[in-house]
Amino acid sequence: MKVTKVTGRQTLVIASLIFGVLFGAGNLIFPVHLGQLAGAHWLSASSGFLISGVLLPLLALLAISITRSDGIYDLARPIGHYYALIFLVLVQATLGPLFAMPRTATVPYTIGFAPHVSVSANSFGLLIYTGIFFAIVYGLTVTEAKITDLIGKILNPIFLVMLFIIFFLAFIKPMGNTQTTPVTVEYTHHAFTSGFLQGYNTMDILGCLAFGVAVISAIKDLGIQDTRKISWTTAKSGTVGILGIAVIYMFLIWMGATSLHQFKIADNGGITLSQIADHYMGVAGNALLATLTSVTCLTTAMGLAAAFSEDLHHLFPRISYKVFLLINCFFSLLVANLGLDKIITWSTPVLMFLYPLAITLTLLGITSPLFKTDPIVYQVTTGLTLIPAIFDLVNHLPAVLQKTVVAQAMVGIAHHYFPLFSLGFSWIPFATVGFIVGNCVRLLRNKNKRVKQN
């Protein structure tokens, strides 16, 4: 049945779906850590964080809707078959066994279990926990169990209620005044840009590009078929769902900043969140938070595992879905046992490479009706964006690799010749020039065609 108007209740249903797709392990730990790093400058830092962690994912959903894409491959196809294929594999590997999936296991362990285990036993404890975690992920995902419905409708709301109880306690009895908290060097003069880059760690724009088609399909299932109405419904529902995440972000960042009056800056936000939960609710509250976080992250891991396995099976049909799922869970287990700090360290250069490409692809998708989805605009814009993205990757490599002669030479060249490179935004002028040049080439080519026809 064709529907012309979406009700308020249906909007909330789609909004909750978007919230569920995006809210995962990184959405908990990185805002808290950002608050600790930014200190008194937490508001400026949170502004940048909300743009990259909230606004850009919403734009990615709109790009999927406007271009009528069936996923990342479709959206990137105008750039070329091989580029679209490689980009899809890189995004799914990042969301799957390389970083996001291992993080779904290490975050709840860091929050709820690591503080109560001796340093010497932590490695063994992490191995046991992640082994059980990914065995459950495999078992439930391979049988397509309906437990995700139970988790989504009952346990996730309980988790959110508990999180807001902590927010309420922090609000009525704050750990300190944010105006008097220290600011780290990185956030002293560049709080906004540093917060923007910190938002990369949520991987939410990658998640929206990968799972956005599920949101669009849910909207179509309501009976909405007109492209403009689908886009409008996506924008309206996405705004509601993502605003919910934005509210949680702001509270988490604020709590991270106030926590500096009680705790030192931790190596990661998982440790800080554990300390805050223990401060307000004691060991019992911490244990409950750890349990609910484990369940919430389990749902996220199942979604990531299924998406990775389905996409790779579709690309390489000779290898079954179950085999890809097993490979995904096994490698996620191995990576998870490196520990949360190392996962974050190694994911940073990859995200510095992928995010500029994901952002430009999103913006190209949204503006594609203006240039008739001409491949030349996609190709020139992406080609120029690739240059600074590669240099950004090298610039954020772990110290052991950054000290090599080649890496230092590349970073030196970029600092000297690339505008905004020191801030991590050299891709912006490159992408802008690419977009302008691509459109100029398109207009010139079309003009020549008209001349020949006449």
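No lab work stands behind these numbers, since they all come straight from the coordinates. Please read all numbers here as calculations on a predicted model, not as lab measurements. Backbone-built Cβ (ideal geometry, glycine too); neighbour counts: all protein chains shown.
General remarks:
- Within the range 341-454: Cβ-based charge dipole about Cα centre, in debye rounded to nearest 20 (Lys, Arg +1; Asp, Glu -1): 720 debye
- When the chain is described by a simple charge dipole with +1 on each Lys and Arg Cβ and -1 on each Asp and Glu Cβ, the residue from Val441, Pro97, Leu334 located farthest towards its positive end is Val441.
- Dipole-positive endmost among Ala431, Ser194, Thr293 within the chain (Cβ charges, Cα centre): Ala431
- In a reduced charge model with +1 at each Lys and Arg Cβ and -1 at each Asp and Glu Cβ, the chain shows a dipole moment near 1460 debye about its Cα centre.
- Relative to one another, the C-alpha centroids of the range 345-371 and the range 250-323 are positioned 24 Å apart.
- Alpha carbon Rg of the chain, scaled by the compact-globule rule 2.2 N^0.38 Å: 0.99
- Compared with the dominant principal axis of the Cα atoms in the chain, helix 204-221 is inclined by about 70°.
- Per DSSP, loop trypsin sites (Lys or Arg not before Pro) in the range 275-361 with at most 13 further Cβ within 10 Å: Arg318
- Helix-only mean residue ellipticity at 222 nm for the chain, each DSSP H run of n ≥ 4 adding -39500 (n - 2.57), per residue, nearest 500: -25000 deg cm²/dmol
- Taking a ≥ b ≥ c as the square roots of the Cα gyration tensor eigenvalues, the range 1-81 comes out oblate, since a/c reaches at least 1.5 and a/b does not exceed b/c.
- For the chain, the longest principal axis of the Cα atoms and the long axis of helix 405-417 meet at an angle of about 60 degrees.
- Per-residue Cβ neighbour rank within 10 angstrom, fewest leading, His416, His313: His416, His313
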